[in-house]
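Have a look at the structure below, then the notes.
The values are calculated or read from the model by the stated rules, or taken from the named source; none is laboratory data. Values in this document were obtained by computation on a predicted structure and should not be read as measured data. Backbone-built Cβ (ideal geometry, glycine too); neighbour counts: all protein chains shown.
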Amino acid sequence: MTRLAFFDTKSYDKFWFDRLKQDYDVDIHYFESKLNENTAPLAKGFDAVCAFVNDHLDETVINALSENGVPLIAMRCAGYNNVDFKAAFGKVHVVRVPAYSPYAVAEHAMALLLSSVRHTHHSYVRTREFNFSLNGLVGFDLFNKTIGIVGTGKIGRVFSDICKGFKMNILAYDPFPHPDFDGEYCSFEDLCKRSDIISLHCPLTPESNHLIDKAALETMKDGVVIINTSRGGLVDSEALLEGIRNKKVGAAALDVYEEEGELFYEDRSNTILEDDTLMLLISMPNVLVTSHQAFLTDEALHNIANTTLENIKQFREGLVMDNEICYRCDTCKRVLGQRCF
Ligand code: NAD
């Protein structure tokens, strides 16, 4: 039986992992705390740790896990920008869940877009107070608008299909164009200039960090709508706030925020937030923030639990791990068909 230390546990994680764990012979110890330098010793004696998007898997934590004999980090998410996988190489194997429901995230992106441009979140609050006024709720049609999709991977392509249903014009930028993408590719600069709405669906890497910054915002159409369901660091929050203030940006809908790590997934309603930028963004009438919930559907949670447990089983049985990642993965795993190390 594999003993798994599960960090940053939420009730919905436990529900799905408890339902499936007996099929995989895994014994799970749930920790509510995030995995970081202080909590890494809790993993001593376990066969694997399971971590999520806001756990801190930097070099110190990786070394602590390795020294405590933990051979496997099972990320229960797709993105792995919070894992120093270069430090992990040769010490601790890292696996992830590359796809669990691109529909969950793409549909949430569309929900954010529709709410932003039709103000349904404001209407909901108003009518609960029996305020039936329509002043300030004028929106615009999505029909015939140009949507710029940054990243045409699994989620970006599903989002593109949804947008096609609205008969929008589809533009996309991706340094690695996908043969199944049915739309027009252009440069990032062109996408910024031509799009009425920009939706981000690419990973956070050193190259994409602050992709949407002051300079990019300046080239965009006045009133551009920015949707980010990918990773907070793709957007320079200060520049976005400035863009909202000077009315360059017509609306922004953010499921992710660059400094979300200590805030999102927790009830902070009784604390004074120290992040002025986030407070100001949330206070703007044309900014809609959700707390990294785009993945949160029954289907996605079931698939996350299933794939994570399958990843652990492959490790235990000494098989090639379909979802292993390392810093040189593009060459080693695919060509040699073996474990990363
Ligand atoms: P994917 O790997 O299938 O696709 C990513 C695409 O982005 C690829 O086509 C890649 O070529 C492209 N890309 C890489 N660098 C780029 C750049 N600098 N500019 C433009 N495109 C670039 O990934 P996916 O499953 O579609 O997920 C996309 C992202 O969504 C993930 O990296 C993750 O950060 C985010 N995500 C968020 C949630 C959420 O709950 N909010 C859930 C899952 C994934």
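Can you tell me how many residues within the stretch 143-168 are surrounded by 17 or more Cβ atoms within 10 Å (Cβ to Cβ) and free of Cβ contacts under 8 Å to residues at least 40 places away in the same chain?
Qualifying residue count for the region: 2.
Among the residues of the stretch 214-227, is any at pLDDT 95 or above, under 20 Å from the mean Cα position of the chain (by Cα) and not in a strand (DSSP E or B)? Talk me through it step by step, then tell me what you get.
Let us first name the residues in the stretch 214-227 that are at pLDDT 95 or above, namely 214-227.
So of that shortlist, the ones also under 20 Å from the mean Cα position of the chain (by Cα) come out as 225-227.
Now drop any that are not not in a strand (DSSP E or B), which leaves none.
No, the stretch 214-227 has no match at all.
Give the residue, chosen from 71, 41, that is touching a strand residue (DSSP E or B) at 6+ places or on another chain (Cβ under 8 Å) and either more than 18 Å from residue 296 (Cβ to Cβ) or surrounded by fewer than 22 Cβ atoms within 10 Å (Cβ to Cβ) (or both).
So the residue among 71, 41 that is touching a strand residue (DSSP E or B) at 6+ places or on another chain (Cβ under 8 Å) and either more than 18 Å from residue 296 (Cβ to Cβ) or surrounded by fewer than 22 Cβ atoms within 10 Å (Cβ to Cβ) (or both) is 71.
Tell me which residues, restricted to the stretch 129-151, are among the small types (Gly, Ala, Ser) and more than 29 Å from the chain's Cα centre (by Cα).
Within the stretch 129-151, 133, 136 qualify.
Can you tell me how many residues within the stretch 300-314 are within 13 Å of the ligand (Cβ to nearest atom) and surrounded by fewer than 19 Cβ atoms within 10 Å (Cβ to Cβ)?
Count: 1.
Suppose the filter is crowded, with 18+ Cβ neighbours inside 10 Å and within 16 Å of the ligand (Cβ to nearest atom); does residue 251 pass it?
It is false that residue 251 is crowded, with 18+ Cβ neighbours inside 10 Å and within 16 Å of the ligand (Cβ to nearest atom).
Taking residue 196 as the residue in question, decide whether it is away from the ligand (no atom under 11 Å from the Cβ), within 25 Å of residue 167 (Cβ to Cβ) and not basic (Lys, Arg). Steps first, please.
Details: away from the ligand (no atom under 11 Å from the Cβ): yes; within 25 Å of residue 167 (Cβ to Cβ): yes; not basic (Lys, Arg): yes.
Yes; evaluated as a whole, the condition is true for this residue.
Within the stretch 1-18, restricting attention to residues that are of a type outside the set (D, E, K, R) and part of a strand (DSSP E or B), which residue is surrounded by the fewest Cβ atoms within 10 Å (Cβ to Cβ)?
2
Can you name every residue in the stretch 294-323 that is modelled with pLDDT of 95 or more and either in contact with a His (Cβ under 7 Å, 6 or more places away or on another chain) or of a type in the set (D, E, K, R) (or both)?
Across the stretch 294-323, the qualifying residues are 294, 298, 299, 310, 313, 315, 316, 317.
Would you be able to say whether some residue in the stretch 102-117 is aromatic (Phe, Trp, Tyr) and over 23 Å from residue 262 (Cα atoms)? Before the answer, list the steps.
Taking the stretch 102-117 and keeping what is aromatic (Phe, Trp, Tyr), we get 103.
This time we only want the ones that are over 23 Å from residue 262 (Cα atoms), so: 103.
There is at least one residue in the stretch 102-117 that is aromatic (Phe, Trp, Tyr) and over 23 Å from residue 262 (Cα atoms).
If I ask for residues that are aliphatic (A, V, I, L, M) and either closer than 23 Å to residue 205 by Cα or within 13 Å of the chain's Cα centre (by Cα) (or both), which ones from the stretch 228-280 would you list? Walk me through it before giving the result.
Start the filter on the stretch 228-280 by keeping residues that are aliphatic (A, V, I, L, M), which leaves 234-235, 239-241, 244, 249, 251-254, 256, 263, 272-273, 278-280.
Scanning the stretch 228-280 gives 234, 235, 239, 240, 241, 252, 253, 254, 256, 263, 278.
Scan the stretch 269-294 and report the pairs whose first residue is at positive phi and surrounded by 15 or more Cβ atoms within 10 Å (Cβ to Cβ) and whose second residue is modelled with pLDDT under 95 and part of a loop (DSSP other than H, G, I, E, B), with Cβ atoms within less than 6 Å and a gap of 6+ or a chain change.
292/264
Would you point out which residue out of 107, 129 is acidic (Asp, Glu) and within 16 Å of the ligand (Cβ to nearest atom)? Reasoning before the result, please.
On the way: 129 fails: within 16 Å of the ligand (Cβ to nearest atom).
One residue alone meets the criteria, 107.
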